[in-house]
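The values are calculated or read from the model by the stated rules, or taken from the named source; none is laboratory data. What you are looking at is a predicted structure, and each value in this text was computed from that prediction instead of being measured. For neighbour counting, all protein chains shown are included, and Cβ atoms are generated from backbone atoms with ideal geometry for every residue, glycine included. Protein only, heavy atoms only, side chains kept; ligands, DNA and RNA dropped before computing areas. Shrake-Rupley method; radii C 1.70, N 1.55, O 1.52, S 1.80 Å.
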2 protein chains.
Amino acid sequence: MIIDIHGHYTTEPPQLAAFRDKQLAGIADPARRPATADLGIGDEQLLKSVEPQLKMQKDRGSDLTIFSPRASGMAHHVGTEAIGIQWSRVCNDLIHRICTLLPENFAAVGQLPQFPGAPPANCIPELERIVKELGFVGVNLSPDPSGGYWTGPPLTDRSWYPLYEKLVELEVPAMIHVSSSCNPNFHFTGAHYMNADTTAFMQLLQGDLFRDFPALRFVIPHGGGAVPFHWGRYRGLAQEMKRPPLSEHVMKNVFFDTCVYHYPGIELMTKVIPVDNILFASEMLGAVKGIDPETGHHYDDTRRYVDQVKSLSDSDRKKIFEGNARRAYPRLDRQLKAKGR
Amino acid sequence: MIIDIHGHYTTEPPQLAAFRDKQLAGIADPARRPATADLGIGDEQLLKSVEPQLKMQKDRGSDLTIFSPRASGMAHHVGTEAIGIQWSRVCNDLIHRICTLLPENFAAVGQLPQFPGAPPANCIPELERIVKELGFVGVNLSPDPSGGYWTGPPLTDRSWYPLYEKLVELEVPAMIHVSSSCNPNFHFTGAHYMNADTTAFMQLLQGDLFRDFPALRFVIPHGGGAVPFHWGRYRGLAQEMKRPPLSEHVMKNVFFDTCVYHYPGIELMTKVIPVDNILFASEMLGAVKGIDPETGHHYDDTRRYVDQVKSLSDSDRKKIFEGNARRAYPRLDRQLKAKGR
C-alpha cells in the first residue's frame, strides 16, 4: 500500500473561511463574533470537497493520505490565544469528520493552538482531545508561531518539553511545519517553509533533544528544506561541533518527506538520506499544482520520481511508500492492522 | 585559470578583534573607543595570516580567490551606524592591503556599512571608495542587516534602488550574503546563511527587479541555499504566479556558487542550474574545515566535486572555473586582462 504522509485540507468549503472572518472581525467588534462553531457544512458537502484528492489518489496510485488542516491557515500569530484554540478545534473537527467519512482514504493529523509567547504546554488539552477522543495519528508543530519573525525559542528549548512528553506518551509524531508568513521577506511556500525545515534540522543538530526524548519522532517536510542538498555541510558541521554522527544524533528520530517536485531532487535525496528516514509524500493539493512542461506531468506527482530511482530496491521503495510511515506513525499502523490492512 | 569567487578573510590577526572590542566597548564607555583606526598590523603579519589560503590554493589547484572580509564579522546589527561605517572601512582596508601585496592570488570584494533601518543609499560613499579608489571588484550585500530578525524590506523594495543604481554604474556584482545571527533560532552557517540564500531567490522570483535593472548581477552563495534541490518547486511557483520562465526572469542576472560540500549536491546543481549561472567557489577557510571521513578529503575542496561531474564538458568546466566569473565580475576581467591573464 502507498501512504502519502503529507496532505493538507486546501479545498475547504467556503463556510470555513467565513467563520474565520467572523472570528477575526470579532476582535474589532465583539458583535461580529461567530454565534456558533457549527459551520453548517453537511457530510455531502464535505465529501464533495475532497473529490480532487480522491481523484489524485486514484490517478497516481496512492491509497491513504495523512491529512491535516491547511498549513498556512493555522496562522498561530493571528488573533488571540483563545481565538486560536477555537480555530484549532474547528479545523481539527473538520479533518476528523472527513477521516470518519472516508477511513480508507484519509488518516487524521491535527493542528495545535500554538500562540506566540504562550507556553507550548497550553496545546496539551487539544492534543489529548484529538488523539484520545478523535483518533488522530500525529500533529503539525510550528517551530515559529510568530509567523516569520522567529521571536520564540528554538525547538530544543525546555519550554517545549511538556509538549514533547505528551507526544511521546501518546505515541504521535510531530511534523515540523510553519504556517503563513506575516514577514514580507518570506514567501510562505517559496521561502518560509523551506527555511523552517532547514532551521529545525540545524537546531536538532546543535542540541541534544533526542538524548532527553529517545522516543520522540519529528517529520521534516518538503524534503528537509536545504538539508539533503547540503548534506556534506551538515555532516561537516556536526563533526566540527563535536556532535555524534548524524546517524546516531538525529536520524534515529527524524524523517524527511518526498515533497520535492522534480526528479533530480528526489534522486539526490535517496543518495544521501538513509532509506529508513524517507517518507513518501506529495502535499497534494499543495504549493505547486501545475504541470511541468519538461515532463508533461504534475510537479507534485512525486510517486513518479520515487518510481524512477533505479538504485532503490523493491524493499527500499516499500519502506518509503509504507513501512517507514507505519514506524513513524505507530497509531496509524495499529489502526490499519485492526482493519486487516 | 581557476577563480574561486567566495573566500572570506577568516584568519585575521588578533589586532582586528581587539579593535572591534574597543569600538563596541566605546558605546558603554567613550573613553574605551579606539584612539586610531591604525591596527598596527605590518605587511609581514598580513602575509603570514593568509598563508593557509595560499597553501590551499596550491594544494587544490586554484589560482585566484575573490576575497572579502569575514561574513559573520560584518554584524551590521551591532553598534551604531557610525561604528559600522568605521568598521567597514577598517575591514575593507585590510582586504585592500592583502590584495595589493598578493595581486596574483587575491581580488578584493568589500563589505558595506549597512545598518538596520538605515537607507541602503548610505552605503554608497564606502562603495564608491572601495571600487574607485581601491579597485574592488564586488561587494557583499546583506538581505537582512537586522541579523536574523528580518525586520527590513525585501531586496525588491525600492529603498534598495539607489544602491543598485550605483552597483550598475560601477559594474560590480553583489554577493547576497547575510552576517552573523543574533536570533537563537538560526545558527549562522547552518541555518541563517542557507535561509538567506533561499529567501533572496524567492524575493527575486516574486518581484521584477531585473526589469528595472537589467544590468544588475547578484551572486547567491552556498549553492543557492535550498533552491537547486527544489528547482521543480521554484519553476512551478513561477508558473503558478504567472512569472516568466526563470531562465528569462532571474537567471540572466543571478549566479549560484559551488559552496556545496559533497559530490551529490554539486552533481544535482549541474543537472538543474544552467552551466552559465554557476561560479566555482569553496569558501576556504569557511564554515566547514574538516575532512570528510567518507572521502578522506576536505569537505570544502569543491574543485574535486566539479572535476568529478562526468556530464560537464571541458568547455562547461572552463565556464564554471573562469569564464562565468569574468562575466559576473567585469572589473576583475579587465584587471586580469591588463596583466595579460
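Assorted remarks:
- Residues being surrounded by 15 or more Cβ atoms within 10 Å (Cβ to Cβ) and hydroxyl-bearing (Ser, Thr, Tyr) - total across segment A:303-318: 1
- Taking the conditions (1) under 30 Å from residue B:304 (Cβ atoms); (2) assigned to a loop (DSSP other than H, G, I, E, B) in turn, residue B:244 satisfies each one other than (1).
- Selection status of residue B:339, within 28 Å of residue B:167 (Cβ to Cβ), in contact with a helix residue (DSSP H, G or I) (Cβ under 6 Å, 6 or more places away or on another chain) and basic (Lys, Arg): no
- Restricting segment A:233-242 to residues that are of a type in the set (A, V, I, L, M, F, W, C) and buried (at least 19 other Cβ atoms within 10 Å of the Cβ), the residue that is farthest from residue B:286 (Cα to Cα): A:238
- Restricting segment B:55-100 to residues that are open to solvent by 20 Å² or more (accessible area, probe 1.4 Å) and of a type in the set (Ser, Thr, Tyr), the residue that is nearest to residue B:280 (Cα to Cα): B:72
- Lone qualifier among A:4, A:43 - being open to solvent by less than 10 Å² (accessible area, probe 1.4 Å), out of contact with any Asp or Glu (no Cβ under 7 Å at 6 or more places or on another chain) and among the charged types (D, E, K, R): A:4
One line per residue, one yes/no per condition, for (1) open to solvent by 10 Å² or more (accessible area, probe 1.4 Å); (2) more than 30 Å from residue A:336 (Cβ to Cβ); (3) touching a residue at least 24 places away in the same chain (Cβ under 8 Å):
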residue	(1), (2), (3)
A:102	yes, no, yes
A:107	no, no, yes
A:141	no, no, yes
A:148	no, yes, yes
A:157	yes, yes, no
A:163	no, no, yes
A:176	no, no, yes
A:191	no, yes, no
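- The criterion of being away from every other protein chain (no Cβ under 14 Å), open to solvent by 10 Å² or more (accessible area, probe 1.4 Å), in contact with a Pro (Cβ under 8 Å, 6 or more places away or on another chain) and modelled with pLDDT of 95 or more holds for residue B:122.
- Within segment A:203-232, the set of residues being open to solvent by less than 10 Å² (accessible area, probe 1.4 Å) and more than 23 Å from residue B:203 (Cα to Cα) comprises A:203, A:204, A:205, A:209, A:216, A:218, A:219, A:220, A:232.
This table checks each residue for (1) aromatic (Phe, Trp, Tyr); (2) within 14 Å of chain B (Cβ to nearest Cβ); (3) in contact (Cβ under 8 Å) with a residue 60 or more places away in the chain.
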position: A:188; (1), (2), (3): yes, yes, yes
position: A:195; (1), (2), (3): no, yes, no
position: A:200; (1), (2), (3): no, yes, no
position: A:240; (1), (2), (3): no, yes, no
position: A:243; (1), (2), (3): no, yes, no
position: A:261; (1), (2), (3): yes, yes, no
position: A:264; (1), (2), (3): no, yes, no
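- The residue that is farthest from the other protein chains (Cβ to nearest Cβ), counting only those in segment A:288-304 that are more than 12 Å from residue A:60 (Cα to Cα) and not β-branched (Val, Ile, Thr), is A:296.
- Complete set of residues in segment A:38-92 that are within 16 Å of residue A:14 (Cα to Cα) and of a type in the set (D, E, K, R): A:38, A:43, A:44, A:48, A:51, A:70
Yes or no, residue by residue, for (1) within 14 Å of chain A (Cβ to nearest Cβ); (2) among the aliphatic types (A, V, I, L, M); (3) more than 30 Å from residue A:156 (Cβ to Cβ):
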| position | (1), (2), (3) |
| --- | --- |
| B:95 | no, yes, yes |
| B:148 | yes, no, no |
| B:152 | yes, no, no |
| B:156 | yes, no, yes |
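- All positions within segment B:13-50 that are of a type in the set (D, E, K, R) and within 26 Å of residue B:331 (Cα to Cα): B:43
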